[in-house]
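Visitor: Before I ask anything, here is the structure I am working with.
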Amino acid sequence: MNPSRFSPLLLLAGAPAWLYSHPANAEAATRWTTAVRQHQAQNWPAARAGYAQLVALGLGVGWRGLGLLRELGDPERDWARDCYERARAAGDDCGHWLIGNLHRRGGPGLVQDATEARRWYERGLAAGHGDNGFFLGLLYEVGGPGLPADWARARDSYAAYAAGGGAPEI
């Protein structure tokens, strides 16, 4: 896989662990799984409805799903960043790095800007979301507009990420 073209679909491979960790979450976990299957089948209306049900339950993963849906092919792609902002505000740890990835790659309504991506990854780290260290390392490894590749910083970011025992929730 080309690291500069990280596919957000990988994020849909599994729901957050907490979603399955308690019997009270069974309904939400089922809705997540159903929405993801519709998303992967490119049944945009059904996937959108499933993620909207999660949002109605007050779960940030619903906003994450809506953002990924819009980023990956829904006709309303330009709303992805707003969805990620809402996911972050609802406590979904992926919000920071999803916004950072939009800036790293560029996207609907966003100019590719590695410096802004770095700021989002660093905000995520400051908020205690260690997965941002992985994406910060990736950014330093490949560089981008406004930020040259820096192997030493990439190594340090990956090392700090690994020391924390993290693995991105993908």
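Visitor: Contour minus end-to-end for Glu85 and Thr33, with contour as 0.36 nm per residue of separation and end-to-end as the Cα-Cα distance? Don't skip to the answer; put the middle values down first.
Guide: Working: separation 52, 0.36 × 52 = 18.72 nm, distance 2.23 nm.
Extending this stretch completely gives an extra 16.5 nm.
Visitor: Continuing with this model, one more query. Could you provide, to the nearest whole Å², the per residue accessible area of segment 23-69 with probe 1.4 Å? Don't jump to the answer; show the numbers that get you there.
Guide: Numbers: 2040 Å² over 47 residues.
Here the per-residue accessible area is 44 Å².
Visitor: Also: How far apart, in nm, are two points set 7 Å out from the Cα along the Cα-to-Cβ line at Arg155 and at Ala126?
Guide: Taking the two extended label points, one gets 2.8 nm.
Visitor: Here's something else I'd like to know. Through the Karplus equation 6.51 cos²θ - 1.76 cosθ + 1.60, θ set to phi - 60°, convert the phi angles of segment 119-136 into ³J(HN,Hα) values in whole Hz; use x for Gly and Pro.
Guide: Running phi through 6.51 cos²θ - 1.76 cosθ + 1.60 with θ = phi - 60° gives 4, 5, 5, 5, 4, x, 4, 5, 7, x, 9, x, 4, 4, x, 4, 6, 5 Hz.
Visitor: Work out from phi, with θ = phi - 60° and the Karplus expression 6.51 cos²θ - 1.76 cosθ + 1.60, the ³J(HN,Hα) of each residue of segment 60-72, listed in order in whole Hz, and give x for Gly and Pro.
Guide: Each residue of segment 60-72 in turn: x, 5, x, 5, 4, x, 4, x, 5, 4, 6, 5, 9 Hz.
Visitor: Compute the FRET efficiency between Arg119 and Ala52 as 1/(1 + (r/R0)^6), taking r as their Cβ-Cβ distance and R0 = 35 Å, and round to the nearest 0.05. Walk me through the numbers on the way to the answer.
Guide: On the way: r = 30 Å, r/R0 = 0.85.
About 0.70, to the nearest 0.05.
Visitor: 5 Å is the cut-off here: which amide hydrogens, built 1.01 Å from N in the peptide plane, fall below it relative to Gly144, excluding neighbours closer than 5 in sequence?
Guide: Those qualifying (amide H under 5 Å, at least 5 residues apart or on another chain) are Ala149.
Visitor: Right, another one. With +1 on each Lys and Arg Cβ and -1 on each Asp and Glu Cβ, and nothing else charged, work out how big the dipole of segment 94-134 is about its Cα centre, in Debye to the nearest 20. Show your work: numbers first, answer last.
Guide: Values: 5 positive and 4 negative charges, 9 e Å.
I would put it at about 40 debye.
Visitor: What does the convex hull of the alpha-carbon atoms of segment 94-152 project to on average, in nm²? Before the final figure, lay out the partial values.
Guide: Working: hull surface 14.3 nm².
Its Cα hull, projected and averaged over all orientations, spans 3.6 nm².
Visitor: Follow-up question, since we're still on this one. What is the ratio of the Cα radius of gyration of segment 58-147 to 2.2 N^0.38 Å, where N is its residue count, to two decimals? Don't skip to the end; give the middle numbers.
Guide: Values: Rg = 12.3 Å, N = 90, 2.2 N^0.38 = 12.2 Å.
Output field value: 1.01.
The values are calculated or read from the model by the stated rules, or taken from the named source; none is laboratory data. The structure presented is a predicted model; accordingly, all values stated were derived computationally and were not measured. Note that each Cβ is placed from the backbone with ideal geometry, even for glycine, and that neighbours are counted across all protein chains shown. Keep in mind that these areas ignore ligands, DNA and RNA; they rest on the heavy atoms of the full protein, side chains included. Shrake-Rupley method; radii C 1.70, N 1.55, O 1.52, S 1.80 Å.
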